[in-house]
1. Which residue, chosen from A:L180, B:N297, B:N308, occupies the Cα position most advanced towards the positive end of the dipole of the protein assembly as shown, where the dipole is computed from +1 (Lys, Arg) and -1 (Asp, Glu) charges on Cβ about the Cα centre?
2. Can you compute the modelled spin-label distance between A:K241 and A:L86, with each label point 7 Å from Cα toward Cβ, in nm?
3. Counting other beta carbons within 10 Å of each residue's own, what order do B:Y408, B:Y147 fall into, fewest first?
4. Counting other beta carbons within 10 Å of each Cβ, put B:V396, B:V369, B:V333 in order, fewest first.
5. Based only on other Cβ atoms within 10 Å, what is the fewest-to-most ordering of A:S130, A:S58?
6. Can you give me the P(r) profile for the stretch A:186-294? Cα pairs, bins 5 angstrom wide beginning at 0, each as a whole percent.
7. Hey, which lysines would be in cross-link range of B:K388, C-alpha to C-alpha under 16 Å, not counting anything within fewer than 8 residues on its own chain?
8. Quote the FRET efficiency, to the nearest 0.05, computed for B:W414 versus B:Y194 with a Förster distance R0 of 22 Å and r equal to the Cβ-Cβ distance.
Amino acid sequence: MDVLIGQLATGLSLGSILLLAALGLSLTFGQMGVINMAHGEFIMAGCYTAYVVQQVVSNTGASLLISLVVGFLVGGAMGVLLEVTLIQRMYDRPLDTLLVTFGVGLILQQIARDIFGAPAVNVVAPEWLSGGVEILGAVVPKTRIFILVLAAVAVVALATALKASPMGRRIRAVVQNRDLAETSGISSRRTDITTFFIGSGLAGVAGVALTLIGSTSPTTGQSYLIDAFLVVVVGGLGQIKGTVIAALGIGFLNSFIEYNTTASLAKVILFVIIVFFLQVRPQGLFTVRTRSLV
Amino acid sequence: MRLPRPMFNRSVLLAGSVVVTTSMLLAACGSKASETEASSAESCVDTSGSTVKVGSLNSLSGTMAISEVTVRDAIKLAVDEINAAGGVLDKQIQIVGEDGASEPTVFAEKAEKLISSDCVAAVFGGWTSSSRKAMLPVFESNNALLYYPVQYEGLESSKNIFYTGATTNQQIVPALDYLKEKGTKSLYLVGSDYVFPQTANRIIKAYAAANGMEIKGEDYTPLGSTDFSTIVNKVRTADADAVFNTLNGDSNVAFFREYKNVGLTPQAMPVVSVSIAEEEVGGIGVQNITDQLTAWNYYQTIDTPVNNAFVAAYKKAYGENKPTSDPMEAAYVSVYLWKNTVEKAGSFDVKAIQENAGGVSFDAPEGKVTIDGENNHITKTARIGEIKPDGLIYTVWESAGPIEPDPYLKSYPWAAGLSG
């Protein structure tokens with residue numbers, strides 16, 4: 001019984017980690033259609049932001065909370081820089097975008113290696129997040145509960161912003177029909193930049209949070225990138241709820257298969273399931289229905 | 001804008017990587033064909049001048065750079081010391097450095113270059129088993145010498161390679177002896193999914209079967225894996241006496257954080273690691289790994305005059321905060337063993353070195369080491385260490401003396417059938 005509870009908690013936690021890593025991507029890839037291979041490096045930038053802030057602010061609790069804000073700004077700023085200098089020139093050429101951003105990702109990794117060195121650096125988790133909470137015989141680390149809560153807050157904030165704020169309405173308008181949105185007086189350029197800022201900023205926030213459970217090294221971002229794309233693709237482009245359900249689904253599936261087989265085999269089985277799923281439903285779980293002809 | 005089918009992205013990448021890998025393989029095969037011709041030619045090592053060239057082949061870029069740069073530094077330190085003391089056979093040693101780029105094929109290519117066009121007398125370096133396996137045919141067909149400084153999975157012996165790191169009976173077997181002595185009745189095996197952990201675990205399972213230990217579970221994760229909640233959950237419920245950890249690289253960070261956070265302690269269930277040295281402790285965070293065990297042959301804290309001098313020289317050359325570790329020490333030792341063999345042979349000739357290598361010894365920081373002429377490995381003292389809050393590792397147990405190398409585990413009855 002406690003094994004079942006433990007794996008449920010593990011699945012939920014893994015799902016929330018995937019969700020946090022994929023949420024930014026669901027904006028830039030899902031809403032805007034930009035294949036940004038440097039998204040993982042924005043996560044990595046978030047990790048190093050947490051490290052740098054911790055060197056300045058020695059109280060680990062305070063530095064974590066400050067890092068979440070700074071990480072958002074750092075990730076967002078890098079995203080805007082990338083959008084303005086490179087991506088905006090190739091909105092019609094997705095394959096070129098893929099290659100260019102992949103290259104940018106490699107450059108960012110090397111920059112991190114030159115500044116911080118190749119070995120992983122240590123970000124100390126605050127005292128109030130050390131240890132675990134016992135739930136019906138299973139122990140769940142507090143760091144994972146923190147990430148779960150953070151992911152939930154980020155999803156609710158993003159969904160509310162998209163639904164209720166004028167900026168959110170502009171983003172949705174541009175996603176659904178760019179020409180019509182422009183004719184109605186919406187600056188699609190400015191909307192693109194804003195969307196990219198938020199999406200990349202969320203990657204930064206994910207990076208800060210992931211330092212609590214994983215390592216902070218120049219290649220950290222890569223390990224989350226494929227999973228993040230997977231979540232967005234399975235969830236269906238252009239829908240936050242698809243991303244949420246896909247992340248949790250993959251999290252549970254992965255943790256249960258892994259418990260009954262091995263970590264390597266679980267990945268294989270998971271990929272096979274996803275391939276079959278996409279054969280049946282290439283558009284993912286949810287799609288945006290519009291009357292536009294594209 | 002219409003999107004391409006998203007799965008397309010990965011297949012493009014995959015196709016790209018297949019093309020790259022295939023072309024590298026082809027390149028490697030091409031160079032092998034030319035080697036056979038080169039092998040009939042005389043060695044081009046030039047010993048007429050006042051210097052002699054040696055190669056230092058380490059990954060200075062890519063994922064292994066983190067570890068191998070320190071090995072390069074240690075090799076350079078040894079060479080500088082030898083040069084300052086008058087060189088080898090009155091010749092100053094000159095290092096030709098090359099970058100293996102964490103790619104076995106590049107290692108093979110660069111080894112070929114060092115031997116055939118730089119005409120070095122010996123090459124020092126390599127780290128991963130795959131890099132060594134890739135270089136092996138190059139050294140054998142050119143009849144050249146490689147000094148390989150890292151502990152590895154054993155089951156190999158070449159007259160062209162000198163192995164100055166531990167083989168399994170100098171690291172893993174003593175670690176198991178130690179656990180048995182401490183009353184460990186059951187083990188849980190956790191490792192990365194590649195050749196070293198899999199081979200190591202085969203040996204551990206054979207040992208356990210012969211010594212009445214129970215293996216409660218065995219789990220591998222893909223290299224670079226960062227989520228250990230399921231495995232740690234399994235470990236926790238399996239309730240073994242100890243965990244034997246052959247994880248490599250950054251996975252250790254995620255593993256130990258999870259391990260500590262679910263309340264597992266080194267007192268209740270110690271973890272013995274064979275791939276965590278002094279440099280890695282910082283990245284894991286010493287608070288997450290304090291009091292856990294490691295198995296190596298050398299620690300910075302060994303308190304002997306030879307080691308104190310080595311540590312002081314290393315820190316003077318590369319910085320006060322740089323720790324010394326087992327592979328660095330083995331690389332440093334390999335240069336001295338080469339020097340001592342050359343002096344015994346009175347020649348830089350490969351054949352003369354091979355014939356004279358047996359019995360050559362050196363007072364190393366880890367204690368006295370001697371080359372075994374039969375299998376080209378060296379005798380080494382095994383040490384179990386405990387990680388302390390200062391980030392250093394302190395010896396808690398050591399073997400009675402240097403252990404004879406036995407790469408095929410022939411002297412262990414329980415290991416019969418492993419090398420087949």
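1. So the residue furthest toward the plus end is A:L180.
2. 3.6 nm
3. So the ranking, lowest neighbour count to highest, is B:Y408, B:Y147.
4. In increasing order of surrounding Cβ atoms, one gets B:V396, B:V369, B:V333.
5. Sorted ascending by nearby Cβ count, the order is A:S58, A:S130.
6. 2, 10, 14, 19, 20, 16, 10, 5, 3, 1, 0
7. Excluding near neighbours in sequence, the set is B:K260.
8. Numbers: r = 24 Å, r/R0 = 1.11.
The formula returns an efficiency of 0.35 here.
Bear in mind these aren't lab numbers, they're just calculated from the coordinates by the rules spelled out. From a predicted model like this one, the values you see are computed outputs, not experimental measurements. Cβ coordinates were reconstructed from backbone atoms using ideal geometry, including for glycine residues, and neighbour counts include every protein chain displayed.
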